[in-house]
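Let me begin by presenting the structure, written as structure tokens, before commenting on it.
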Amino acid sequence: MFSEFRRRLVLILPAILAGCSDPQPAPRDPRAKIGIDLDTLDADGLRGPPDGKVAVDYEFAIPDTPAAREAVRRIDPSVEFMPGSRGRIGAQPGECLCVGSTHQPRHREILLTLARRPEIARIIECHHE
């Protein structure tokens, strides 16, 4: 009787365990990675009152590799690379701080494309402190 129980358990246990596994996390909305209110930006990527509009600089970190830099440069021509700087984003050793600007054509599309990259965890406003 015990051997019959073991045989059945061996047959159904994989199915039970498969049903109990954690579901894969849903893809994260790229907008959730962007810590800038895009609705405050006008068509030119500027915000503020009509007589005092300013661009918004933003920062993020990427792996400090030529391939990662080239990929980001293709997406965002405004980006400046600052290896060795942590920034407010807190770039870690092996990462490169990147700073870009909203004052460019397609700024929303650029930010969303950057946010879709899995190696970019967050994009926040840069205050140049």
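None of the figures in this text is laboratory data; all of them are computed from the coordinates on show. Since we're looking at a predicted model, the values are computed, not measured. A quick note on method: Cβ atoms are made from the backbone with ideal geometry, for glycine too, and the neighbour counts reach across all protein chains shown.
Brief remarks follow.
- Residues of segment 66-79 that turn out to be free of Cβ contacts under 8 Å to residues at least 24 places away in the same chain and out of contact with any helix residue (DSSP H, G or I) (no Cβ under 6 Å at 6 or more places or on another chain), as a count: 5
- The one condition in (1) over 19 Å from Glu125 (Cβ atoms); (2) of a type in the set (Asp, Glu); (3) touching a strand residue (DSSP E or B) at 6+ places or on another chain (Cβ under 8 Å) that Glu95 fails to fulfil: (1)
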